[in-house]
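The values are calculated or read from the model by the stated rules, or taken from the named source; none is laboratory data. Keep in mind it's a predicted model, so treat the numbers as computed, not measured. Every residue, glycine among them, receives a Cβ derived from its backbone with ideal geometry; neighbour counts consider all protein chains shown.
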Amino acid sequence: MISRKSIDEVMEIARIDEVVGDFVNLKRRGSNMIGLCPFHNEKTPSFSVSPSKNIFKCFGCGRGGDSIRFVMEHEGYEYPEAIRYLAEKYGIKLEETKADAETLIAERERETIYKVLEFALGFYKKQLHDTEEGQLSGLNYLKERGFRTKTIEAFGLGFASDTSDLLVRAATQAGFTKEILQRAALINQHGGDFFRNRVIFPIFNISGKAIAFAGRTLISSQKGPKYMNSPETEIYLKRKVLYGIFNAKKAIRQEDNCFLVEGYTDVISLFQSGVENVVASSGTALTPDQIRLIKRYTGRITLLYDSDPAGIKAAMRGLDLILEENMDVRLALLPEGDDPDSFIKREGLKGFQDYIQEHSKDFVLFKTQLLLKEAAGDPMRKSALVKDLVETLARIPEAIKRSAFITECAHLMKIEEHILVRETNKALNEFIRQKQRGVPRDIGLAEKETQDKVFQQESKTASASVVDRLDLADEFQERDIVRILLNYGDQEMTEPDVQTVAHYVINSLTDILDDFQHDIYRKIILEYKSLLDDQQTVGAGHFTNHAEPEIQHLTVELLTTPYEYASWEEHDIPLQIQLHPDKNFKMDAHNAILRLKLKIVMAHITANSNLIAQFQDEGNEEEMLIHMRMHNDLLQFREQITSQFKSVVLKV
């Protein structure tokens, strides 16, 4: 494991403008730098980098964080991989800490699985290029499919011999045990090679490591499946993997669209022909994990399927899942008898692009037209199909987008719009109730129960985020205090016995922290206090790299603004009313605390007044008198607070 000391060194040395500058053309604007966001397609820069705060923030798509987070998001790295990338960039030697024996063993074994898969990758490639059997069988097959040498190398294609244990013997001679071969799914139940006499398609994770393989048989008369996939292992979970994502991620981001196809050769043919933003679902029905993987790079998916009933059915299975992620989804059905591989070979890149431009349709409208065709004038059939349609419409989380589709679908189906609105709202309410209860929809997918549990948890997080934004006015005082703490906590104060703004804020909040209504703000303040109590130097960087994503995202949001303050001083026009916001933190801190205390005491006054009314109705004079005295105390406390404001008028 990488030591905390090394991580801190990387965080301290890695400059956000230099790290981002390797991938984005940045221009100076005031104290910050701006550029076109690498995470979504835009023409006007909304991507901001703050060298002083060492963070980035896109005010278009909302992504933000520090240097480590940028590398993770841009390159698809896990946290340790991002640390190692930055350490290599800045020539930092990482210090590895000693974990407990069990953890070290597990990490070594997991790393060994990656190594044996890397060995197998090289072995299969060598078999393809350097053996007579591989050249005659495997290489000839790939050449017949039209795959060029450069393409074969880019996708790491290989060949598995018909010999029963050729890989097993080579791997054991290289020092790998049969147990590791088993855990990597390279060995069958009889102890021989899992893949035999097949062209091998390696499956890479998002960072380019081989995690599994697929094999295509070269014997047309052979019984059994044409394609075989590695069984799932501890590092290969089919529902989380997309074939071709490592090769395609850059192009997906650049094109702001991802083509989704069914087969391995479809991906390779399109890629070779110039359509590089293409992936396949790796032999599984489309899953939420795979959709979210695409969503890291684009908000648009184009499903590219055969026009036969099976192709249409496969496309329909993924529709609702994609819509639930609030992504734009289109469908392009190829001419009958064609798949992406055969079509692009015949028509070429220009023909493919023209066809997609002309024939791709919005998926919701496509489904509407398809349902109308199926109804064929039968009112009863049409009624049943409308229910199917509203189930789909209810999956669109964005209200404006949902409303636009309802209007268009109502027009196409010749239904009164208010009827479709009503039925969609019913389906939406039922959908929300099901998610809250964790009840999966019966759609005939074996994985759906697991998928719904994941979706339910993420829905809670998303719902909480929506509620937070709706209640922003209500939480302003707490949010503003945390904003001041994160931005100016290390600034010195002139008051006696108070070292910094952080000390002043935290000491002032000691008696009212229990009255905070939002846990995340209380949590940040308590953590800040704990660090101060331990005599640690606390900066915003501690929270921009926080282990909890919610805190990390909130910190970046509070540290950034899409606006620049006007520099009036440069034109000899000093501010008359107050200091520049970056210099007015003392007064801001003081006023923020007063506003919060006022909000809390007003809430107590309201609650106490309700109790007085309750005791009066009950005839409980003793309790009523106690709370009336308390009411007077609260009013006095309110006056003490408001007297410190220059312009606060309250109704008595």
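Structure summary
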| read-out | value |
| --- | --- |
| Considering residues of region 343-377 that are in contact with a strand residue (DSSP E or B) (Cβ under 9 Å, 6 or more places away or on another chain) and β-branched (V, I, T) only, the residue modelled with the highest pLDDT | I356 |
| Residue in region 150-174 that is surrounded by the most Cβ atoms within 10 Å (Cβ to Cβ), counting only those that are under 14 Å from Q135 (Cα atoms) and not aliphatic (A, V, I, L, M) | F159 |
| V199 vs. criteria outside any strand (DSSP E or B) and hydrophobic (A, V, I, L, M, F, W, C) | no |
| Single condition L385 does not satisfy, out of (1) closer than 25 Å to N425 by Cβ; (2) modelled with pLDDT of 85 or more | (2) |
| Flag for V648 being under 24 Å from Y504 (Cα atoms) and either surrounded by fewer than 13 Cβ atoms within 10 Å (Cβ to Cβ) or at pLDDT below 75 (or both) | yes |
| Answer from E118, E111, E88, E144 - the residue that is without any contact (Cβ under 8 Å) to a residue 12 or more places away in the chain, under 29 Å from the mean Cα position of the chain (by Cα) and under 24 Å from N229 (Cα atoms) | E111 |
| Among the residues listed as S230, S220, S207, S164, the single one being touching a Gly at 6+ places or on another chain (Cβ under 7 Å) and over 30 Å from F39 (Cα atoms) | S164 |
| Any hit, region 561-569, residues being modelled with pLDDT under 55, more than 16 Å from G489 (Cβ to Cβ) and within 33 Å of the chain's Cα centre (by Cα) | yes |
| When residues of region 343-368 are limited to those that are hydrophobic (A, V, I, L, M, F, W, C) and farther than 13 Å from L303 by Cα, the one surrounded by the most Cβ atoms within 10 Å (Cβ to Cβ) | I344 |
| Residues (among the charged types (D, E, K, R) and out of contact with any Asp or Glu (no Cβ under 7 Å at 6 or more places or on another chain)) located in region 189-220 | R198, K209, R216 |
| Identity of the residue in region 388-418, surrounded by 14 or more Cβ atoms within 10 Å (Cβ to Cβ) and over 16 Å from F363 (Cα atoms), that ends up modelled with the lowest pLDDT | I415 |
| Residues being outside any helix (DSSP H, G or I), at pLDDT below 80 and closer than 20 Å to Y264 by Cα - total across region 280-335 | 8 |
| Single match in F59, F70 (criterion: buried (at least 19 other Cβ atoms within 10 Å of the Cβ), of a type in the set (F, W, Y) and not assigned by TED's automatic domain parsing to the domain that holds S207) | F70 |
| Inter-residue pairs, beta-carbon under 7 Å, first outside the structural domain of N54 (by TED's automatic domain parsing) and within 11 Å of N487 (Cα to Cα) and in region 540-557, second outside any helix (DSSP H, G or I) and among the acidic types (D, E), 6+ apart | G541/D66 |
| Cβ pairs under 6 Å, 6+ apart, first in region 616-627 and without any contact (Cβ under 8 Å) to a residue 24 or more places away in the chain, second aliphatic (A, V, I, L, M) and surrounded by 11 or more Cβ atoms within 10 Å (Cβ to Cβ) | Q616/M624; M624/I612; H627/L611; H627/I612 |
